[in-house]
Amino acid sequence: MVQNFLNELKYSLRQKWLGNWVLRRTPPNLPLLSNRYQENQFYQLLLGSIIPQDQAEKFTQIIDVGCRNWSYLSSLASYFPNAKLTGIEVDGKRRYWNLYRRMDLAQAQAETLRLQGRKVEFHCQDFLSLSLQFHPEKTNSEQQGLFCFLYPFVSKDPCLDWGLPARFSDYGALLSHSRKLSDSAGLPFFWMTVHQGDWEADEARKIYHEWGFKMKELQIKSEQWQDFWPSRYDAWIFYGTALTKQSPEPIF
C-alpha cells in the first residue's frame, strides 16, 4: 500500500508538473549504433519467430502499446515495411539523468523515420484513453493490423517495482480496449505479445482465456540471444486473435 501511494504521487508529479518541463531544447542524440543494433537484433528475432517476412508485408497498422522510449522502433519499421507505426507510452514523461524524457527519445526515433517517408505517431498517454482513426484502403482486401504488447505488466508487483501505480498492471483492461479499437478499424487485427519467463507466461494464459483471446504460443530460450541481449529469462511469445465471428485465423 505504501509503495503504491508513493508511485501514485510520483506519477502524478511527472504528469502534471515535472514531466511537462522541457529542460533540453536540442534533439537528443540517439543511442550508439552498436547498442541500437544489438537491441534491434533482439526484437527482429522475436518478430521473425512468429510472423513470416512475406506475411509481414501485409500489415498496414502496427499499434505498439507500452513502447517506453521506442528505442527498437527501427526493427518494427524494417520488419513491417508497409505499416503505419503507432507507439503509446503511459509514462513517457519520466526523465533520465541527462534531463531528456522518454517521450523526447521516442519522438526523436519517430522523426528519424518520418524524414524517410514513413508514417509514425507517438502518443504519451494512457492507452485506455486513446482513440485512433483508421483509414484502410478498400481496394486492398489483404490489409491487416497488429497490436504489439512487448513485455506488458500482468501483475502488480513488477509494475510497482518499475515505479508505476498498481492500476497500470490491469492487462485485461488493455486487451479489452485494444479489441474495441479493432472492432472499429475496418480491417482484421492480430495480437502479438511477449512475456518474460514461465511465471508471467502462466499469468498471461489465464488473462487471454478470461478475456476471450485465441492465442498460440512459442517459447524462445534466452540462449538464442545471449550474445546481444542481457536477459536470463526465456521469452514466451503469444500470437492470435480475439474470439469473434470476424476473427481471422493466425497465420503461423
Q. What is the local net charge at Leu73, summed over the other residues whose Cβ is closer than 10 Å to its Cβ (Lys, Arg +1; Asp, Glu -1)?
A. +1
Q | Square roots of 5 times each gyration tensor eigenvalue, C-alpha, segment 80-191, largest first, Å | A | 27, 21, 10
Q: Pairs of Cα atoms under 8 Å, at least six residues apart: use those to get the relative contact order of segment 1-134, whole percent.
A: 25
Q) Tell me, what is the FRET efficiency for Arg118 and Ser176 to the nearest 0.05, using R0 = 35 angstrom and their Cβ-Cβ distance as r? A) 0.75
Q. To the nearest µm²/s, what D does Stokes-Einstein give for segment 24-158 at 20 °C and 1.002 mPa s, using the Kirkwood radius over alpha carbon pairs as Rh?
A. 135
**Q.** Fraction of beta bridges assigned by DSSP in the chain that are antiparallel (%, nearest 5)
**A.** 40
Q) What's the Cα-based Rg to Rh of the chain, Rh via Kirkwood? A) 0.94
Q. In segment 94-155, which GluC sites (Glu not before Pro) are in a loop and have at most 14 other Cβ atoms within 10 Å, using DSSP for the loop call?
A. Glu137, Glu142
Q. Any idea how many Lys pairs in the chain come in under 21 angstrom at the alpha carbon, given 8 or more places apart or on separate chains?
A. 23
Q: Jot down the radius of gyration and Dmax of segment 141-252, Cα atoms only, both in angstrom.
A: 14.9, 44
Q: Would you mind computing, in nm to one decimal, how far apart the modelled labels at Glu223 and Arg167 are, each placed 7 Å from Cα along Cα→Cβ?
A: 4.5
(Q) Taking the number of other C-beta atoms within 10 Å as the exposure measure, put Trp97, Trp199, Trp236, Trp70 in order starting with the fewest. (A) Trp97, Trp199, Trp236, Trp70
Q. What net charge do the residues around Trp211 carry, taking every other residue with its C-beta under 15 Å from that of Trp211, with Lys and Arg at +1 and Asp and Glu at -1?
A. +1
Q. When only DSSP loop residues count, what trypsin sites (Lys or Arg not before Pro) in segment 182-239 have their Cβ near at most 11 other Cβ atoms within 10 Å?
A. Lys221, Arg232
Q.
As an exercise, take the mean of 1/r over every pair of distinct alpha carbons in segment 52-106, invert it, and state the Kirkwood radius in angstroms.
A. 12.1
Q | Span from the segment 35-54 Cα centroid across to the segment 103-133 one, whole angstrom | A | 20
Q: Determine the relative contact order of the chain: mean sequence separation of Cα pairs under 8 Å and six or more apart, normalised by residue count, in whole percent.
A: 19
**Q.** Leading residue at positive end of dipole, the chain (Cβ point charges), from Val90, Gln41, Ser78
**A.** Val90
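Where a number appears in this text, it was derived from the coordinates with a stated rule and is not lab data. All values reported here derive from a predicted model rather than from experimental measurement. FYI the Cβ positions are ideal-geometry reconstructions off the backbone, even for glycines, and counts take in every protein chain you see.
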